[in-house]
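To start, the structure itself, in structure tokens.
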Amino acid sequence: MKTTITVNGQARSLDLDTRTSLLDALREHLNLKGSKKGCDHGQCGACTVLVNGERINACLSLAVMHDGHEVTTIEGIGGEESLHPMQQAFLTQDAFQCGYCTPGQICSAVGMLKEAAENWPSWVTDDLDSAVALSDAEIRERMSGNICRCSAYPQIIAAIRDVVGDVA
Amino acid sequence: MRPFTYERPTDVAAAVRAVAATPGAKFLAGGTNLLDLMKLDIEQPTHLVDVNRLPLSGIEDTPQGGLRIGSMVSNSHLAADARVRSRYAVLTQAIVSGGSGQLRNKATTGGNLLQRTRCAYFYDPSKPCNKRQPGSGCSAMEGLNRNSAILGASDACIATNPSDMAVALTALGASLEAVTADGATRTLAVADLHRLPGDTPHLETNLAAGDLITAVILPPAPPGGQIYRKARDRASYAGGLASVAVVGHQVAFGAVAHKPWRAEKTEAALAAGASALEAAHAELAGAHDNGKNGFKIALVARMTADALEQASQGRGA
């Protein structure tokens, strides 16, 4: 099925089996290997990308559902020549060990900061009428869809906190 | 995954016609549950009708003072809506207690209502399961039933409904609108959407094949506090072992039955002057312990009593 998706700012036309997940389209058809396949069932978050600015699990979506959508992967967040502040913060805080979950963590964190800036509540938001303040508890709760089996969580939170501090 | 054909209509009538015209067809909304189950070969649609571009993504005030929520509103957008947060805090709390940020961005209001059980045996095609394969038996009955139902179960099935959102909607007395295969509109209370398992646990809702949920209607919020409480094995991103929604004097339980469970006996006992704990136990008098899920009885009683106390003090009002 013919599908056109704007990936990292470039319109990409593909002819896909309807079963192709957005993740497989990115990795196997567009050779963007940054987004990772961990569980392939929406449980680990390694495949997190931004679709029209919102983070989703690319493994639990069909590529054909995204015809006309704008997808941003870790390759579009930033590269070696122009690191995104979140990428730089992960380096500075040593927020990974094996690195497999890192692209998903960074895409998720970027999406999460936008959600918090729009004042979306979380399970640990006590006062639904006030502005969200990104405490460590809020960051942990909002990032719970991204698993890190090396357990770099303290450094991941420190990295995100660095970026929150820069924009706050 | 088995092959399937795909189409993406842009109006409700075309979507309903498309499913009615194709045996084995299913609606595809967020896909966070359906695609997962297709990967496991538990769901086997031959045709998917993608309803994501239907004009059902609005939240409107109703003349009665409630809200009309389009079925394609994402869980995230519903939880974050200013009117929902201020008037239906229990709904915001329930939604953000479920899944992860990524899943809530994709999952929809209609899809959340139709998600399938997370019973481990339903998810394992190598094991008997009356819901997945009618007549094959229930592996949970003598097996790992720690998260199985304690209310309204049958000899055929002790699976639970996993939705948090639906528990809040049930406590709020919400209803839903669906368009039927012949184009008519029908209305159903959310509390009447799901069935008890009986001897047909594969039949999960009272919708007919081809019905498309188009909206959820919230009545005006009753006076009093609103609380959603959830107990689970991890602090975040885990299904509930039990949950309780309290809306003033209206109470519903989650993760304890084949459907979100409106605790009418608890409500009646409260009205008759019982204490919060006594009222909770009134509903749980008929609760069943299959061996490993009995702890839920005391858990739900305590959570309910605590939620009622907090709501009576105006929390979430």
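The values are calculated or read from the model by the stated rules, or taken from the named source; none is laboratory data. As the structure is a computational prediction, the values presented were derived from the model and not from experiment. Every residue, glycine as well, gets a Cβ built from its backbone with ideal geometry; the counts of neighbours run over all protein chains shown. These area figures cover heavy atoms from the full protein model, side chains too; ligands, DNA and RNA do not enter into them. Shrake-Rupley method; radii C 1.70, N 1.55, O 1.52, S 1.80 Å.
Give the accessible surface of the protein assembly as shown per residue, rounded to a whole number of Å², with probe radius 1.4 Å and ligands, DNA and RNA excluded.
Normalised by residue count, the accessible surface of the protein assembly as shown is 40 Å².
Hey, got the dipole for chain B? About the Cα centre, +1 on K and R Cβ, -1 on D and E Cβ, debye to the nearest 20? Before the final figure, lay out each step's value.
Working: 31 positive and 27 negative charges, 136 e Å.
Dipole of chain B, to the nearest 20 debye: 660 debye.
Please build a GNM for chain A, connecting alpha carbons under 10 Å apart, and tell me which residue among A:Ala58, A:Ala25, A:Ala109 fluctuates the most.
The residue that fluctuates most here is A:Ala25.
Between the DSSP loop rule and a limit of at most 13 other Cβ atoms within 10 Å, which GluC sites (Glu not before Pro) in the range A:115-150 are left?
Taking the range A:115-150 and a limit of 13 other Cβ atoms within 10 Å, the loop GluC sites (Glu not before Pro) found are A:Glu118.
Springs between alpha-carbon pairs under 10 angstrom, Gaussian network model over chain A: which of A:Gly104, A:Gly38, A:Gly79 fluctuates most?
Looking only at A:Gly104, A:Gly38, A:Gly79, the largest GNM fluctuation is found for A:Gly79.
In square nanometres, what is the average projected area of the Cα convex hull of the range B:2-119?
8.3 nm²
If you average the alpha carbon positions of the range B:148-193 and of the range B:99-136, how far apart do those two centres end up, in angstrom?
With the range B:148-193 and the range B:99-136 each reduced to a Cα centre, they are spaced 14 Å.
Would you kindly compute the Cα radius of gyration of chain A and its largest Cα-Cα separation (Dmax), both in Å?
Calculated on Cα positions, Rg and Dmax stand at 16.0, 48 Å.
For chain A, give me the percentage of DSSP beta bridges that are antiparallel, rounded to the nearest 5 percent.
That works out to approximately 90 percent antiparallel.
Using only helices, what value at 222 nm comes out for chain A when you add -39,500 (n - 2.57) per DSSP H run of length 4 or more and divide by the total residues, to the nearest 500 deg cm²/dmol? All intermediate terms of the calculation are to be shown ahead of the outcome.
On the way: 5 runs with 50 residues, N = 168.
Taking each H run of at least 4 residues, the total per residue is -8500 deg cm²/dmol.
How far, in degrees from 0 to 90, does helix A:153-167 lean away from the longest principal axis of the Cα atoms of chain A, to the nearest 10?
With both axes taken from Cα atoms, the answer is about 80 degrees.
Would you please give the residues with an amide H less than 5 Å from that of B:Ala263, counting only those at least 5 places away or on a separate chain, with H modeled from the backbone geometry?
The list, which skips near neighbours in sequence, is B:Val251, B:Ala252, B:Phe253.
How many square angstrom of accessible surface are buried between A and B, both sides summed, with a 1.4 Å probe and rounding to 100? Spell out each step's value before the answer.
Numbers: alone 8970 and 13720 Å², together 19440 Å².
When A and B are taken together, about 3200 Å² of accessible area is lost.
Rg (Å, one decimal) plus Dmax (Å, integer) for the alpha carbons of chain B?
Every Cα atom of chain B included, Rg and Dmax give 19.0, 59 Å.
Could you tell me which residue out of A:Ala89, A:Ala117, A:Ala11 lies farthest along the dipole of chain A toward its positive end? Charges go on the beta carbon: Lys and Arg +1, Asp and Glu -1, centred on the Cα centre.
Of A:Ala89, A:Ala117, A:Ala11, it is A:Ala11.
With θ taken as phi - 60° and the coefficients 6.51, -1.76 and 1.60, list the Karplus ³J(HN,Hα) couplings across the range A:83-94 in order, rounded to whole Hz; mark glycine and proline as x.
5, 5, x, 5, 5, 4, 5, 4, 5, 4, 8, 6
Provide the net charge surrounding A:Gly53, with neighbours chosen by a C-beta distance below 11 Å and charges set as Lys +1, Arg +1, Asp -1, Glu -1.
-2
With just the Cα atoms defining each centre, how far is the range B:262-311 from the range A:1-51? Give it in Å.
A separation of 47 Å, based on Cα centres.
Would you report the distance distribution of C-alpha pairs in the range A:2-77 as whole percents per 10 angstrom bin, up to the bin with the largest distance?
22, 62, 16
Residue by residue through the range B:71-85, what is 3J(HN,Hα) from phi via Karplus (6.51 cos²θ - 1.76 cosθ + 1.60, θ = phi - 60°)? Round to whole Hz and write x for glycine and proline.
With coefficients 6.51, -1.76 and 1.60, one gets 5, 9, 5, 5, 4, 4, 5, 5, 5, 8, 4, 4, 5, 5, 4 Hz.
What are the residues whose amide H is under 5 Å from the amide H of B:Leu241, where those residues sit 5 or more places off or on another chain and H is modelled from the backbone?
B:Ala231, B:Arg232, B:Asp233
May I ask you to evaluate 6.51 cos²θ - 1.76 cosθ + 1.60, the Karplus curve with θ = phi - 60°, for each residue of the range A:30-45 and list the ³J(HN,Hα) values in order in whole Hz, giving x for glycine and proline?
10, 6, 9, 8, x, 5, 9, 9, x, 8, 6, 9, x, 9, 10, x
How big is the charge dipole of the protein assembly as shown about its Cα centre, in debye rounded to the nearest 20, if each Lys and Arg gets +1 on its Cβ and each Asp and Glu gets -1 on its Cβ?
700 debye
Output the Kirkwood hydrodynamic radius of the range B:239-317, Cα pairs only, in Å rounded to one decimal. Don't skip to the answer; put the middle values down first.
Values: mean 1/r = 0.0800 Å⁻¹.
Mean inverse Cα-Cα distance, inverted, gives 12.5 Å.
Just the Kirkwood number for the range A:85-167, please: inverse of mean 1/r across all distinct Cα pairs, in Å, one decimal.
Working: mean 1/r = 0.0779 Å⁻¹.
Hydrodynamic radius (Kirkwood, Cα only) of the range A:85-167 equals 12.8 Å.
Hey, what did the range A:2-77 get for relative contact order, percent, Cα under 8 Å, at least 6 apart?
Values: 145 pairs, mean separation 31.2, N = 76.
RCO, the range A:2-77: 41 percent.
P(r) for the protein assembly as shown: what percent of alpha-carbon pairs falls in each 20 Å bin, starting at zero?
Calculated over all Cα pairs of the protein assembly as shown, the distribution is 24, 57, 19, 0 percent.
Can you tell me, using C-alpha contacts under 8 Å and at least 6 residues apart, the relative contact order of the range A:85-167 as a whole percent?
50 percent
Can you list residues whose amide H is under 5 Å from A:Leu62's amide H, if they're 5+ apart or on another chain and H is modeled 1.01 Å from N?
So A:Leu62 has HN proximity to A:Leu22.
Determine the share of the protein assembly as shown's accessible area contributed by carbon and sulfur atoms, expressed in whole percent, with a 1.4 angstrom probe.
51 percent
Pick out the long, greasy-scoring helices in chain B: whole DSSP H runs spanning 20 Å or more along their own axis by Cα, mean Kyte-Doolittle at least -1.0.
Span-like helices, by this rule, are B:295-312.
So what is the 222 nm mean residue ellipticity for chain B from helices alone, if each DSSP H run of at least 4 adds -39500 (n - 2.57) and you divide by all residues, rounding to the nearest 500 deg cm²/dmol?
Here the helix-only value at 222 nm equals -7500 deg cm²/dmol.
Taking the Cβ of B:Ala184 as the center, what net charge do the other residues with Cβ under 14 Å away carry, scoring Lys and Arg +1 and Asp and Glu -1?
Its environment carries a net charge of -1.
Based on Cβ point charges of +1 for Lys and Arg and -1 for Asp and Glu, what charge dipole magnitude is obtained for the range B:1-47 about its Cα centre, in debye rounded to the nearest 20? Each step should come with its number before you reach the end.
Details: 5 positive and 5 negative charges, 15 e Å.
Computed about the Cα centre, the dipole is about 60 debye.
Projecting each Cα onto the charge dipole of chain B (Lys/Arg +1, Asp/Glu -1 at the beta carbon, about the Cα centre), which of B:Leu212, B:Tyr228, B:Ala15 comes out farthest on the positive side?
Working it through, the farthest residue towards the positive pole turns out to be B:Tyr228.
When Lys and Arg each count +1 and Asp and Glu each count -1, what net charge do the other residues less than 14 Å away from B:Glu7, Cβ to Cβ, add up to?
Computed value for this residue: +2.
Give me the compactness ratio for the range A:56-95, meaning the Cα radius of gyration over 2.2 N^0.38 Å.
1.53
Tell me the relative contact order for chain B as a rounded percent, counting alpha carbon contacts under 8 Å between residues six or more apart.
Relative contact order, chain B: 18 percent.
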